[in-house]
Every structure is written in C-alpha cells, then in structure tokens.
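Colleague: My questions will all concern the structure given below.
The values are calculated or read from the model by the stated rules, or taken from the named source; none is laboratory data. Everything quoted here is computed from the prediction, not taken from an experiment. Cβ: placed from backbone, ideal geometry, glycine included. Neighbour counts: every protein chain shown.
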Amino acid sequence: MNKKLGLAVAGAVLALSSAAQAGITIPAGDWTLDVSGNVNAYYINTRASGGTHAATSGSLATGRDTNGDRVANGINTGLLPAWIGFTGKTRQNDLDVSFTISFQPAVSENTVTGDGAVTGGVTNTFLNRQTFLTFGDASWGSVKLGKDLGVFASDAILSDMTLLGVGAGSNISGQSFNTTLGGIGSGYVYAAWKGQIAYTTPNWNGVQATIALTNPNQTSLNSLYQDRLGVEGKVSYTWAGDVAGKVWASFASYDVTNASNSYSVQAYDLGANVNSGNLGVTAYYYKGDGLGTTFMNNLGADINGAKRDSNGGYLQATYVIPTGTKLGASYGVSRLDDTAADRAGNVALVETNRRWTVGAYHPLTKSLNLVAEYNDVRSELQNYRSEADAKSKNISLGAILFF
C-alpha cells in the first residue's frame, strides 16, 4: 500500500502512525489546511442459509429473510463510509495546535426517493465522526478534546485489511447501517467514536501511551445519569528495520446504569503487527467482563445485571505480489458466554460469530484501489437453543478512491 493511501486511511479513520505524504494541502497564513478523504462503493452478493438474522440477539450472519429467501444483492458502502476531513495545523506560543472536523456520507440507500429516509430503523444520513482540537509539544506530549475514535480496540480496526473493503455485516441494498462491519463483532469490538479528553505522551524511542476520559453513556442504550466517566488507555511500542512492527495493549473501564440494573465493564486487549518485505502478519486478542459483543456493552449483561464474559481475536496475513496487488487472508472469532438466567429463560443469544475473509486489493493508480473480497460468516447459538445457526457468504467487488 503506497504512502498516499496510508494517509487517506488515516484521514478517514484516525491519524495512523505510518509515515505518509499529505492530502490536499492549502497554506493559509499561519495555518496549514489539509483536506483528505475517500469515496468507495461495492457490489455485494450475499447468500445465506440457516436461521433468520433476527432470530438471535448478537448474530452477525445475515441468514435467510422472513420469507425464506437466501440471496441478496446490493450496491453499498464498505467498512469505511465516504469521507471528507479538514485538519488545520499551526505553531503558536511554543505549542503545536490543530483541529479536525470530518463528515461521512454513505452510498447505502434503497428508498423510493434515494434521499436518505429511514431504512430498517436507521437513518442513512451524514455521519459526524470527528470534531476535536489538539495542543502540545514533542517535549511533553499532546492533549485532545472532542470527538474521535475511542482508544480501546482502535488498533484492532486500524490493522484490519477489510478496512479497505467490506468484511461482514452486509445484507440488502440500502442496508440499515451506513457501513458494513468488516471484522467488527468477528474478531474485535468496535472502538466507536467518542467524546473524550485524552493525553498522549511523547514518543520515547518507539514507546508511547495514551489515557482518555470518555463519555460514559457510550456503553448504555438508556440515557441515564452515570456515576463516572469512562476510562480508556493504551501503550504501544513501534520499531523499524528489515523486520518492522508494532505491539500494543489497551484497556477500558466503565460503570453502567440502565433501567434494569447497574454493573461495571472491564476489558483489555493485546495485539501485534509485524512486517518483513512484502509480508505482513497481524495477531490480536481481547477479553471482557460485561463488555458484550460487536459493540461495547451490547449484550454485556443479562436481565438481572449478571455480567456475561466475552473474548475473541483474529489472525491475518497479507502479501504484496509483483503487480502491487495486496493479497490477504484473515480469520476472526468473537465469543459470548451465557448466564444461568439466560439458560433458565431460553434466551435467544449468540454464542460465537466466526469470519473467514480472503481479499485482493489492487492499486490501479496511487489514489484508486480495486477491491475483491470473499467473506464466510457463521453465527452459532448458545447450545440450549434449537434454531439453526445462521450462515452467510458474500462476494464483494468495488473500488475505493483516496485523496
């Protein structure tokens, strides 16, 4: 993947640590404005079997629809929404000062007017994933205030090869979400976009750490008062050389109060990226207590507030062949334990979401990439359920343009 593409992914998701040239740079007095983003669209053909998607809480496999049909076609956005972001930077009073604001429209749409009406209970309209400011200095670090990608599990999604494609989570044309899921829920929990106050240390010979206070209601579907802010943190080590890479560990801690009960959420993860020549390997593992699956605190506790344990991870390998095409294969799994109340109530609850992905990502130009992926997703129910497990396979073909 070339440096231009590396920056575009950074602008569209988070400031990646890889070196990259700027996007569209505009000098403006003491300020420098950088405009970057992407546009992507994919034809997605999904073939499903087993139970329906709605039969089980937490199931990612699409399954057959309510009429028993098993084939779906759509032209949708992939894991990344289309993106345009504006970053301004300057140096004032011995401080590096910056702001970032971004907007994300989507291709996914299937209403009679095509104007972004409600589809499946979710409005397919513009997203606003980043609005934040930073200030700091290389000698003592930097402070961020505003909305940006969360700290916990952020490296998991940024290392996922399906970031340039589709992954899991596709269904009909104009799907009910603006984007697909990639490896979210089948290898890692979504880091999400959170209001936060974060401090990042200087880079000490490759070692760097971040600690953040985040909005506490990120973990609850009910907007009730919460006892404290969320806390997320990360430490990483990056090295260069013939064998280059990065290792990291992060955590999250929340208190949850909802209409039924109160409990705490604790989670941690470990990950590594290693690159040698044209070969890249990623390994990732997470574990949570009350964390839930797919999204933070989604199914994290039962009706009585008893916490469900969860864990998972993914392995991924990529190789760039002489044509410049990056070939990749990835296997991911997310597991959710049940409780005594779940078993007693025969609760429709997923046990495991598994995903196999193989993909090819070809740089047709330095800005335009052609993408082809095959995804096999299986959702297995808790073993006391009698319904058939849901299975879905999708083939996606499309392109993503970065600027």
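Colleague: Across the stretch 299-331, what is the total count of residues that are within 26 Å of residue 262 (Cβ to Cβ) and touching a Phe, Trp or Tyr at 6+ places or on another chain (Cβ under 9 Å)?
Modeller: Narrowing the stretch 299-331 to residues within 26 Å of residue 262 (Cβ to Cβ): 299-312.
With the extra rule that they be touching a Phe, Trp or Tyr at 6+ places or on another chain (Cβ under 9 Å), the set shrinks to 300-301, 305-307, 310-312.
So the answer is 8.
Rundown of residues vs (1) modelled with pLDDT under 85; (2) not small (Gly, Ala, Ser); (3) not in a loop (DSSP other than H, G, I, E, B), yes/no style:
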position	(1), (2), (3)
68	yes, no, no
72	yes, no, yes
75	no, yes, yes
79	no, yes, no
84	no, yes, yes
91	no, yes, yes
103	no, yes, yes
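Colleague: A further question follows. Identify, by number, the condition in (1) of a type in the set (Lys, Arg); (2) at pLDDT 95 or above; (3) under 27 Å from residue 264 (Cβ atoms) that residue 355 doesn't meet.
Modeller: Single failed check for residue 355: (3).
Colleague: Could I ask something else about it? If you take just the strands (runs of 3 or more DSSP E) that sit entirely in the stretch 326-403, which of them hold at least 1 residues that are surrounded by fewer than 21 Cβ atoms within 10 Å (Cβ to Cβ), at negative phi and hydroxyl-bearing (Ser, Thr, Tyr)? First the steps, then the outcome.
Modeller: Numbers: elements: 326-336, 350-363, 368-381, 390-402.
Qualifying strands (runs of 3 or more DSSP E): 326-336, 350-363, 368-381.
Colleague: Those residues that are farther than 28 Å from residue 283 by Cα, outside any loop (DSSP other than H, G, I, E, B) and either β-branched (Val, Ile, Thr) or touching a Lys or Arg at 6+ places or on another chain (Cβ under 7 Å) (or both), I need them from the stretch 213-272; list them, please. Spell out how you get there, then give the answer.
Modeller: Restricting attention to the stretch 213-272, the residues satisfying the condition of being farther than 28 Å from residue 283 by Cα are 215-217, 220-229, 255-263.
Filter once more, keeping what is outside any loop (DSSP other than H, G, I, E, B): 216-217, 255-257, 262-263.
Across the stretch 213-272, the qualifying residues are 216, 255, 256, 257, 263.
Colleague: Then there's this: Could you say which residue among 207, 231 is surrounded by fewer than 18 Cβ atoms within 10 Å (Cβ to Cβ) and within 28 Å of residue 102 (Cα to Cα)?
Modeller: Working: 207 fails: within 28 Å of residue 102 (Cα to Cα).
Step by step, each of 207, 231 is checked, and only 231 is surrounded by fewer than 18 Cβ atoms within 10 Å (Cβ to Cβ) and within 28 Å of residue 102 (Cα to Cα).
Colleague: Follow-up question, since we're still on this one. Hey, could you check the stretch 264-308 for residues that are among the acidic types (Asp, Glu) and farther than 30 Å from residue 242 by Cβ and say which is surrounded by the most Cβ atoms within 10 Å (Cβ to Cβ)? Give the steps one after another, and end with the answer.
Modeller: Taking the stretch 264-308 first, the residues among the acidic types (Asp, Glu) are 269, 289, 302.
So of that shortlist, the ones also farther than 30 Å from residue 242 by Cβ come out as 289, 302.
Values: 289: 17, 302: 21.
Filtering first and then ranking leaves 302.
Colleague: So is residue 286 assigned to a strand (DSSP E or B), touching a residue at least 24 places away in the same chain (Cβ under 8 Å) and under 16 Å from the mean Cα position of the chain (by Cα) or not?
Modeller: Values: assigned to a strand (DSSP E or B): yes; touching a residue at least 24 places away in the same chain (Cβ under 8 Å): yes; under 16 Å from the mean Cα position of the chain (by Cα): yes.
It is true that residue 286 is assigned to a strand (DSSP E or B), touching a residue at least 24 places away in the same chain (Cβ under 8 Å) and under 16 Å from the mean Cα position of the chain (by Cα).
Colleague: Please work out which residue is nearest to residue 188 (Cα to Cα), limiting yourself to the stretch 303-324 and to residues that are in a loop (DSSP other than H, G, I, E, B) and touching a strand residue (DSSP E or B) at 6+ places or on another chain (Cβ under 9 Å).
Modeller: Of all residues in the stretch 303-324, those in a loop (DSSP other than H, G, I, E, B) come to 303-306, 308, 321-324.
Within this subset, residues satisfying the condition of being touching a strand residue (DSSP E or B) at 6+ places or on another chain (Cβ under 9 Å) are 305-306, 308, 321, 323-324.
On the way: 305: 23, 306: 22, 308: 16, 321: 28, 323: 31, 324: 28 Å.
Checking each candidate, the answer is 308.
Colleague: Now for a separate question. Given 304, 258, which one is over 30 Å from residue 207 (Cα atoms), of a type outside the set (Gly, Ala, Ser) and out of contact with any helix residue (DSSP H, G or I) (no Cβ under 7 Å at 6 or more places or on another chain)?
Modeller: On the way: 304 fails: out of contact with any helix residue (DSSP H, G or I) (no Cβ under 7 Å at 6 or more places or on another chain).
Of the residues listed, the single one that is over 30 Å from residue 207 (Cα atoms), of a type outside the set (Gly, Ala, Ser) and out of contact with any helix residue (DSSP H, G or I) (no Cβ under 7 Å at 6 or more places or on another chain) is 258.
Colleague: Suppose we filter the stretch 121-135 for residues that are assigned to a strand (DSSP E or B), more than 15 Å from residue 97 (Cβ to Cβ) and modelled with pLDDT of 60 or more; how many remain? If you could, list the steps in order and put the result at the bottom.
Modeller: Initial filter on the stretch 121-135 (assigned to a strand (DSSP E or B)): 122-123, 127-135.
Retained after the next criterion (residues that are more than 15 Å from residue 97 (Cβ to Cβ)): 122-123, 127-131.
Then drop every residue that is not modelled with pLDDT of 60 or more, which leaves 127-131.
Total satisfying the criteria: 5.
Colleague: Could you look through the stretch 129-171, keep only residues that are more than 15 Å from the chain's Cα centre (by Cα) and under 26 Å from residue 297 (Cα atoms), and pick out the one that is surrounded by the most Cβ atoms within 10 Å (Cβ to Cβ)?
Modeller: In the first step, residues of the stretch 129-171 are kept if they are more than 15 Å from the chain's Cα centre (by Cα); the result is 131-147, 171.
Subset that is under 26 Å from residue 297 (Cα atoms): 131-132, 144-147, 171.
Working: 131: 15, 132: 18, 144: 20, 145: 13, 146: 17, 147: 19, 171: 22.
Among those residues, the one meeting the criterion is 171.
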